[in-house]
Amino acid sequence: EPEVTQTPSHQVTQMGQEVILRCVPISNHLYFYWYRQILGQKVEFLVSFYNNEISEKSEIFDDQFSVERPDGSNFTLKIRSTKLEDSAMYFCASRRDSFNSPLHFGNGTRLTVT
Amino acid sequence: AQSVTQPDIHITVSEGASLELRCNYSYGATPYLFWYVQSPGQGLQLLLKYFSGDTLVQGIKGFEAEFKRSQSSFNLRKPSVHWSDAAEYFCAVGSGGSEKLVFGKGTKLTVNP
């Protein structure tokens, strides 16, 4: 069964550094998402992306964050200047088309900011 | 604003016992409701969903959930738990007007042999 793949599985970075988290959604999917889960807290929506533009974003998704689909397969989340509180598990997700189609999640990237 | 409450942080059951995981939501209109499972080191896997129609929905791995509007609940059940069901379970709510899902904090399930 096709999967959403995320790389790396674990990223350690220093505060203030830029980090790019990578995702390869399922190939025929059209809607893409990033969620994050701070340790011990809820899974939180960050952003949704459709037709090469952001369709919705949360208050968490401020100017430090950006998303891009640089080619036909990758979907990236960039954090420009990481803060300690950005440490979390970041999940990429995709779905094929309408809201009725299931959301498929990747295994996540654990980001540790030191 | 939408919200989801999973009152039980951690539940322990014996293998073969029945299971019910509680989920309460807050949303003004008819919600879209989901249960996801996360095994260690894995992503979130959809167990089942409710959009409309029959309030008792069947999912994968023998799970079912019942939507009760009067109680704003969407509890997950399984009649006989297997050791492989040990994982963390997340309830989530969505709506037709938004792309996002709002998740609960999760319930960690431990299964004793």
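The table below lists the values:
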| item | result |
| --- | --- |
| Exposure rule at most 12 other beta-carbon atoms within 10 Å, DSSP loop GluC sites (Glu not before Pro): chain A longest free segment | A:60-114 |
| Length-normalised contact order for the range A:5-113 - Cα pairs under 8 Å, 6+ apart - percent | 38 |
| Footprinting exposure proxy for B:E99, A:E1 (fewest neighbouring C-beta atoms within 10 Å first) | A:E1, B:E99 |
| Amide hydrogen neighbours beyond the local backbone of B:A17, cut-off 5 Å, H modeled | B:V81 |
| Spherically averaged projected area in nm², based on the convex hull that wraps the Cα atoms of the protein assembly as shown | 12.5 |
| Peptide-level mean, for A:102-109, of C-beta atoms on other protein chains within 10 Å | 5 |
| Under DSSP loop assignment and at most 15 Cβ neighbours within 10 Å, longest trypsin sites (Lys or Arg not before Pro)-free interval of chain A | A:1-79 |
| Order of A:M15, A:M89 - criterion: other Cβ atoms within 10 Å of each residue's Cβ, fewest first | A:M15, A:M89 |
| Chymotrypsin sites (Phe, Trp or Tyr not before Pro) within the range B:23-113, DSSP loop, no more than 16 other Cβ atoms inside 10 Å | B:F51 |
| For the range B:71-76, 3J(HN,Hα) per residue [Karplus equation, 6.51 cos²θ - 1.76 cosθ + 1.60, θ = phi - 60°, Hz, x = Gly/Pro] | 9, 6, 10, 8, 7, 9 |
| Burial order of peptide ranges B:14-20, B:40-46 (average beta-carbon count within 10 Å, highest first) | B:40-46, B:14-20 |
| Debye equation applied to the C-alpha atoms of chain A, log10 I(q)/I(0) at 0.13, 0.15, 0.17, 0.22 Å⁻¹ | -0.44, -0.59, -0.76, -1.28 |
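Read-outs: derived from the displayed coordinates by stated rules, not from any lab. Keep in mind it's a predicted model, so treat the numbers as computed, not measured. Cβ sites come from the backbone with ideal geometry, for glycine too, and all protein chains shown count toward neighbours.
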